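Asker: Please see the structure below; I have some questions.
The values are calculated or read from the model by the stated rules, or taken from the named source; none is laboratory data. Bear in mind that the values here come from a model prediction, so they are computed numbers and not experimental data. Here the Cβ positions follow ideal geometry from the backbone for every residue, glycine too, while neighbour counts run over all protein chains shown.
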Amino acid sequence: MPTPQEVRNYLDDLAARKKLITYCDLSRQFGFGAMVPELPVAMSKIFDQLDREDAGTNSPFITSVVVSRENGKPGSGYFNALRKYKGIDVSDTDKAWIAEIIALRQLFMPRGAPAP
């Protein structure tokens, strides 16, 4: 199994390149196992740790780049973590997610580049 830091490094690279990845593809990349009916426990634990770390440093959630193949957005666990760890109103999930994606892009933006 990968360490949380290995997963973070991989997701950081995706975020820097303005890329998203599906839960299934990430699971295959790191050998987490089957995605049915929900995220593998090991993957969920790593996501929770990353979300807590990001909230603790007031950083955008790096897990924002992981989305469902079905709808192209993060799953309910992501929004639960935004509410639990950052106190973000997630009644409009699109708005909450897009705000995190924009913050990630700004974090990974080269110096002097125009805002996204």
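Asker: Filter the range 61-75 for residues that are hydroxyl-bearing (S, T, Y) and at pLDDT 95 or above; which is farthest from K18 (Cα to Cα)?
Answerer: T63
Asker: While we're here: Say we look at the range 34-51 and pick out the residues that are exposed (fewer than 15 other Cβ atoms within 10 Å of the Cβ) and of a type outside the set (A, V, I, L, M, F, W, C); which of these is farthest from A15 (Cα to Cα)?
Answerer: P37
Asker: Let me ask you something else. Looking at the range 80-105, I want the residues that are among the polar types (S, T, N, Q) and have a partner that is surrounded by 14 or more Cβ atoms within 10 Å (Cβ to Cβ) and not in a loop (DSSP other than H, G, I, E, B) with Cβ atoms under 8 Å, at least 6 apart or on another chain. Which pairs are those?
Answerer: Here the result reads T93/F79, each pair linking the range 80-105 to a residue that is surrounded by 14 or more Cβ atoms within 10 Å (Cβ to Cβ) and not in a loop (DSSP other than H, G, I, E, B).
Asker: Take the residues in the range 75-98 that are more than 18 Å from E53 (Cα to Cα) and surrounded by 13 or more Cβ atoms within 10 Å (Cβ to Cβ); name whichever of them is nearest to the chain's Cα centre (by Cα).
Answerer: G75
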